[in-house]
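The values are calculated or read from the model by the stated rules, or taken from the named source; none is laboratory data. It should be emphasised that the depicted structure is a prediction, and the values quoted were computed from it without experimental measurement. Using ideal geometry, Cβ is built from the backbone for each residue, glycine included, and neighbour counts are taken over all protein chains shown. Note: accessible area is taken over every heavy atom of the protein model, side chains too, but ligands, DNA and RNA are not part of it. Shrake-Rupley method; radii C 1.70, N 1.55, O 1.52, S 1.80 Å.
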Amino acid sequence: MGEETTTDGSLQIHQRFENEGDIESPTCGLVSWRPSFLQRFAKAKWFLLFQCWFVLAQGMIVSGFQGVVISSLERRFSLKTNEIGVIVSCYDISAAIMAILVSYYGHHHKPKWLGIGAFILGTGCFLFALPHVLVGRYEPGSSATNLCSTDSLPSNLICRSSVWYHIFVFVLAEFFIGIGATPVYILGTAFIDENVRRTTSGLFLGIMYAVATFGPAVGFLLGGEFLRIYVDIKQVLW
């Protein structure tokens with residue numbers, strides 16, 4: 001009798017989940033905008049594609065590009081080593097704080113949190129590039145590019161200092177990048193594990209983490225190639 005009750009109960013639960021899945025199917029859109037042509041993307045494989053692109057971009061930006069451009073930022077904006085340390089550490093500070101909030105509040109509407117995180121990550125990247133347009137024209141090879149120079153007397157050494165609002169923009173950008181990149185591993189993996197079959201969740205997560213390992217490598221390679229090209233807003237020199 002106990003076995004029959006358990007079987008009936010499991011069948012009823014399974015039937016209830018099937019009925020709920022038929023009534024509340026996932027939809028794609030923005031806020032209340034749910035066009036029909038977007039509903040083809042409301043599938044696990046499309047979410048995996050977005051997730052792979054997200055983790056790839058996060059690895060390229062955080063572990064790739066930032067490590068490549070540190071020396072260029074020091075020279076371009078007259079930054080000191082301790083100022084660079086403050087800028088870089090802001091990512092970890094914001095990510096640690098955001099991880100607690102995401103873990104507690106992010107269990108509702110995980111895809112929305114991921115979408116908002118991607119938007120904030122892009123905003124942080126835009127802010128990180130903003131100081132480039134706030135400074136004057138960069139002339140490589142001139143005395144203006146040197147952090148320290150001498151006046152008429154060789155014994156007098158004059159060193160340039162960084163501008164506070166440049167540092168503020170970099171710090172703010174790192175905070176945005178840390179906030180936007182946090183949900184990708186916390187909520188992305190949980191959403192995949194909750195919405196795909198147990199037999200395929202391992203495959204989905206394996207593909208995601210495999211793509212994530214290429215992020216830093218691609219970031220270093222592209223960053224090295226970009227540094228070979230001098231680019232200014234009004235001038236491009238190869």
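Structure data summary
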quantity	calculated
Single condition ILE179 does not satisfy, out of (1) of a type in the set (Val, Ile, Thr); (2) in contact with a Ser or Thr (Cβ under 7 Å, 6 or more places away or on another chain); (3) at pLDDT below 90	(3)
Test: residue in the stretch 122-137 that is at pLDDT 90 or above and either among the charged types (D, E, K, R) or open to solvent by 60 Å² or more (accessible area, probe 1.4 Å) (or both)	yes
Close pairs (6 angstrom Cβ cut-off, 6 or more residues apart or separate chains): over 15 Å from ILE116 (Cα atoms) in the stretch 42-55, surrounded by 14 or more Cβ atoms within 10 Å (Cβ to Cβ) and aliphatic (A, V, I, L, M) anywhere	ALA44/VAL196; CYS52/MET208; CYS52/VAL211
Which numbered condition GLY59 fails, given (1) modelled with pLDDT of 90 or more; (2) closer than 22 Å to SER201 by Cβ; (3) loosely packed, with under 12 Cβ neighbours inside 10 Å	(3)
Those residues of the stretch 155-176 which are at pLDDT below 90 and of a type in the set (Val, Ile, Thr), in sequence order	ILE158, VAL163, ILE167
Long-range neighbours under 6 Å by Cβ, at least six apart or interchain, first residue crowded, with 17+ Cβ neighbours inside 10 Å within the stretch 185-210, second among the polar types (S, T, N, Q) and modelled with pLDDT of 90 or more	GLY188/GLN51; MET208/GLN51
